[in-house]
């Protein structure tokens, strides 16, 4: 399934068969998460309904309802006639005010639990990537770090950061880990990059990504795991600190 655009390993999970009975909400969430994380890019044309339904292992009726839901959310636009189809319309990045409100509504225990989950997934993925990553995986990861380093907007930085973690899981050659990483990035990724008191610093993240990749490239699984875990723990710790500051206001 290719239209000439980036078809990296992380994208394959998006178009893999869905579980949970192939419900409309599951299909819609799968595609909306991919759009939000930049795994499917703005203006990109989705595969035909028959091809996409086959890849996701759902009925065309289910797929059409999911696509209709995404159109109502403003994430897809359908064009008729020759060259028509469903085209992605990437959402505008969430406002700082809305994200701060979301973070304020979390509890410290909930944030810690999300952090514990992410540490387990990211650490395991990095360790396995050091054992299993191909040269193609390594090239993609290096390109994503360069993309993050060059990114100037918070939204672009957040998407490059999230895609790096997703591609680490893909380099571990584990569909389940990749799916888990996508879910975690969808849940917490935007909050980590809140401006004006952000939980992570751009230059720090670039250097941490380089350290993870260096360990993966060197085949040192334990070092890769340690770097990945420290990276996630630092972001969550700062996010909790920011949450506590917001809660006092």
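Before moving on, here are some points about what is shown:
- Projected-area average for the stretch 9-88 over all orientations - Cα convex hull basis, square nanometres: 4.9
- Least to most buried among 203, 79, 248 (fewest other Cβ within 10 Å first): 248, 203, 79
- GNM result for the chain, Cα springs below 10 Å: residue of 189, 83, 115 fluctuating most strongly: 83
- Judged by the mean number of other Cβ atoms found within 10 Å, the most tightly packed of the peptides 174-182, 236-244, 121-129 leads the ranking 121-129, 174-182, 236-244.
- Centroid-to-centroid separation of the stretch 46-72 and the stretch 103-180 [C-alpha atoms, Å]: 27
- Taking other C-beta atoms within 10 angstrom as a stand-in for reagent exposure, 222, 33 fall in the order 222, 33, fewest first.
- Nearest 10 degrees, 0 to 90: helix 96-105 Cα axis against the chain principal axis: 70
- Here the calculated FRET efficiency for residue 210 and residue 237, from their Cβ-Cβ distance with R0 = 22 Å, stands at 0.60, rounded to the nearest 0.05.
- Nearest 10 degrees, 0 to 90: helix 135-150 Cα axis against the chain principal axis: 70
- C-alpha long axis of helix 154-171 to longest principal axis of the chain, angle in °: 90
Bear in mind these aren't lab numbers, they're just calculated from the coordinates by the rules spelled out. For clarity, every value in this text was computed on a predicted model and none was experimentally measured. Quick reminder, even Gly has a Cβ in these numbers, built from the backbone with ideal geometry, and neighbours come from all protein chains shown.
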